Amino acid sequence: MSDDQRAQIDVVVVNEMGLHTRPAKEFVQTASRFGAAIRVAKGESVVNGKSIMGLMSLLAPMGTRLTITAEGEDAAEAVRTLAAVVNKRFGEVG
Amino acid sequence: MTPLETRVLRGIGAAPGIASGPAFLLEHQRLRVVRYQLEARQHDDEVERLREALVDSFDQVQHLRENLADRHEEPQEILEAQAEMLRDPQLLEEPSRLIRGESVNAEWAVAKMLGQLRSMYENAEDTYLRERGEDIDHVGRRVLRNLAGQDALLPNIPAGSVVIAHQISPAELVQLHRARVVAVATDVGGRTSHTALMARAFEMPAVLGLKDVFGKVDDGEMVVVDGLEGEVVLSPTEQQLARYQARALRLAVVEQELLKDRDKPSVTLDGTVVHLMANMELAEEVGFALDHGAEGVGLYRTEFMYMERATLPSEESHMVDAVKVFNGVGKLPVTFRTFDLGGGEKTSELLRIPSEDNPALGLRSIRLAFREEGLFRSQLRGLLRASAAGRMKIMFPMISGVAELRQAKSILAECREELVREGHAVAEKIEVGIMVETPAAAMIADLLAKEADFFSIGSNDLIQYTLAIDRSNELVNYLYHPLHPAILRLISSVVNVAHVEGIPVSLCGAMAGDPLYTLVLVGLGLDELSMPAAAIPRIKRIIRACNASEAKGLAEDLVRMPTVLEAEEAVREMMIPRFMVDIDEEQSWELERRPSSGSYPAAPGPRAKRAGRTAPSSGRGEER
């Protein structure tokens, strides 16, 4: 793993219920599939993207802008996949 | 022991049905967290104790999940999230730091951490997030119980108990269901809470939101829970109890018997098919509807989307909701009615409808949609985006002229074009119909039928507007009667002209679910009846046991009956001995209790004793 493998993306929470328990679970389960370290930031607050408690503590209702950062070998794929999870409303549609 | 006084508490009827039994008080929410000081050498052991409690809690949740039948998808997701929280290293690390840093016990440390998170949720501006804070409570309670060395599974609850609690988590409800608890009553919780949804899925009568039932009931006290009325009776008199029990038993026996026909077609002896559909307002009700033999959803009310929330629903939320319905019904058709808001009873604060002297004749339904076109478009776009996922029909309420139908259709067409341009999948063919609920629409049904794909007669409003009777006015509501010849003639003529134009007609008011009127409606030629799903089995039984020809004869007689009283006698004479001997009057009134249809009152005379139950009540109003 090298430090230069770093990827970042901005997303907006688009599901109506916001980043509550279930979406947070969805996010964490996906994030945990990657080796890269994952951080999620809302403004000043930064949390571990593999921690459901952390994500829940962000308190992100619909419309919240989040920055996902990954560091590690699969960083690029991790942010891509996680952005898709957010954009697809954490699987809340079918 | 002195006998306790009978008390009646009112809450939110969250899952229908009646059950009685001795109260079992779940005390766990009173778990008190005591802080005590540790010595430095105890730190490691305390952290280990916490770690074990978290592992135990996780295992218990996993165990619950595995034992949950597949069809309860919603609870699965919630339990999965709880499991995820329980194995989150943060839930161990943060309290461990407190244990070591402040030399406090594990209970205190966990409670402090979760308490902080909880209060963030409590203060959230977003309603949804605020409600989701409960998930944190449920996790916290479990960990605390495990720390206390208590079995976090609920104590042994005798089968047949009525469980009384401040709050019941979805996971706990699973256990209660398995322990064969007959009903639940809680201080907090609403009709859309996860606990309510699960109670409905399990068909366990539930009254929630009683505020302080926990403080009012004694352990072991006899309790009746009426989940339909949202009533809890404490220490009922012997007669009351006997009456409730008899009713519950009768309901159960009758239900079992009627459900035998569930998978049989709804067709008369002489071959006339009358489709039986469900009226619904929550996607979660689909399972219940299908279990009762619904052939689809004849009326999906969307008003609920605008209730109990801090913001107006987005296009996405309409789409999500519709897709959820389709996921449940599969290939069966679903008729979505665009929002029927306004008119007094269902006004959402979000809409800021000006106060009106006469809301029933005011800015409501389609009129409101045209005035708040952005809101209307966002609903239509949301629905259209879900349309590829199932058999969607769209229906406009309160249409009183062809111009309104054209305007609504043209907005719908614009929305469709936009979506297609934006690259969204939209179903090729979506049938577009209207509610026929104004006398005007009924009179010009021939003109409307040329431009609509189907009609659905909203009998409640049609009666109200035709007979010029305010259903909620107790001074005149005795005049509100479905068998008034004016109503029967209007329905008959709407059906006839629709059939000339080749479009089907459904009826979705309270009449559809009342067995007294089944033959009349078959005789009037309705193609489809849409009702609360619970009513379907009985209505189907009647349809399967009658001839369309005799029904037609009855309808022809009735439209010429000069008075309602005569019409009613004729109908009762025909229906009760043949089809309704096993039900009492009360029940037929309970078949349609949904808010927007209201209930109609008794005419003076044979049915007058029902007068006490007749005030139209808005279930939604009570929830807010």
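The values are calculated or read from the model by the stated rules, or taken from the named source; none is laboratory data. None of these values were measured; they are calculated from a predicted model. Quick reminder, even Gly has a Cβ in these numbers, built from the backbone with ideal geometry, and neighbours come from all protein chains shown.
A few points about this structure:
- Hits in segment A:65-92 - residues which are within 11 Å of another protein chain (Cβ to nearest Cβ) and buried (at least 18 other Cβ atoms within 10 Å of the Cβ): A:Arg89, A:Phe90, A:Glu92
- Evaluation of B:Pro265 against the conditions (1) at pLDDT 90 or above; (2) within 11 Å of chain A (Cβ to nearest Cβ) shows that the sole unmet condition is (2).
- Considering the conditions (1) surrounded by 20 or more Cβ atoms within 10 Å (Cβ to Cβ); (2) within 10 Å of chain B (Cβ to nearest Cβ); (3) out of contact with any strand residue (DSSP E or B) (no Cβ under 8 Å at 6 or more places or on another chain); (4) under 23 Å from B:Ala83 (Cα atoms), A:Met62 is excluded by exactly one of them, (4).
- Listing of helices (runs of 4 or more DSSP H) fully contained in segment B:502-577 that carry 1 or more residues being without any contact (Cβ under 8 Å) to a residue 60 or more places away in the chain and under 23 Å from B:Ala445 (Cβ atoms): B:510-513, B:518-524, B:548-558
- In segment B:102-122, residue nearest to the other protein chains (Cβ to nearest Cβ) [restricted to those that are more than 22 Å from B:Glu48 (Cα to Cα) and in contact with a Lys or Arg (Cβ under 8 Å, 6 or more places away or on another chain)]: B:Tyr121
- Near pairs, Cβ below 6 angstrom, 6+ apart or cross-chain, from segment B:365-381 (on the phi > 0 side of the Ramachandran plot) to any residue that is part of a helix (DSSP H, G or I): none
Here's the yes/no breakdown for (1) at pLDDT 90 or above; (2) surrounded by 15 or more Cβ atoms within 10 Å (Cβ to Cβ); (3) not assigned by TED's automatic domain parsing to the domain that holds B:Glu284:
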site	(1), (2), (3)
B:Gln37	no, no, yes
B:Glu46	yes, yes, yes
B:His63	no, no, yes
B:Leu68	no, yes, yes
B:Arg71	no, no, yes
B:Pro75	no, yes, yes
B:Ala83	yes, yes, yes
B:Ser96	yes, yes, yes
B:Ile99	yes, yes, yes
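- Residue within segment B:477-500 that is in contact with a Gly (Cβ under 9 Å, 6 or more places away or on another chain) and closer than 20 Å to B:Glu303 by Cα present: no
- Residues (in contact with a strand residue (DSSP E or B) (Cβ under 7 Å, 6 or more places away or on another chain) and either of a type in the set (D, E, K, R) or touching a residue at least 60 places away in the same chain (Cβ under 8 Å) (or both)) located in segment B:438-456: B:Asp453, B:Phe454, B:Ser456
- Condition met for B:Gly287 (on the phi > 0 side of the Ramachandran plot and more than 14 Å from chain A (Cβ to nearest Cβ)): no
- Hey, A:Val46 surrounded by fewer than 17 Cβ atoms within 10 Å (Cβ to Cβ), within 14 Å of chain B (Cβ to nearest Cβ) and touching a residue at least 24 places away in the same chain (Cβ under 8 Å) or not: no
- Entry remark, segment A:13-29: residues being outside any loop (DSSP other than H, G, I, E, B) and either away from chain B (no Cβ under 12 Å) or among the small types (Gly, Ala, Ser) (or both) number 1 in total.
Yes/no matrix, rows are residues, columns are (1) within 18 Å of B:Met85 (Cα to Cα); (2) of a type outside the set (Lys, Arg); (3) in contact with a strand residue (DSSP E or B) (Cβ under 8 Å, 6 or more places away or on another chain):
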| position | (1), (2), (3) |
| --- | --- |
| A:Thr21 | yes, yes, no |
| A:Glu26 | yes, yes, no |
| A:Gly35 | no, yes, no |
| A:Arg39 | yes, no, yes |
| A:Leu58 | yes, yes, yes |
| A:Ile68 | no, yes, yes |
| A:Glu71 | no, yes, yes |
| A:Ala76 | no, yes, yes |
| A:Lys88 | no, no, no |
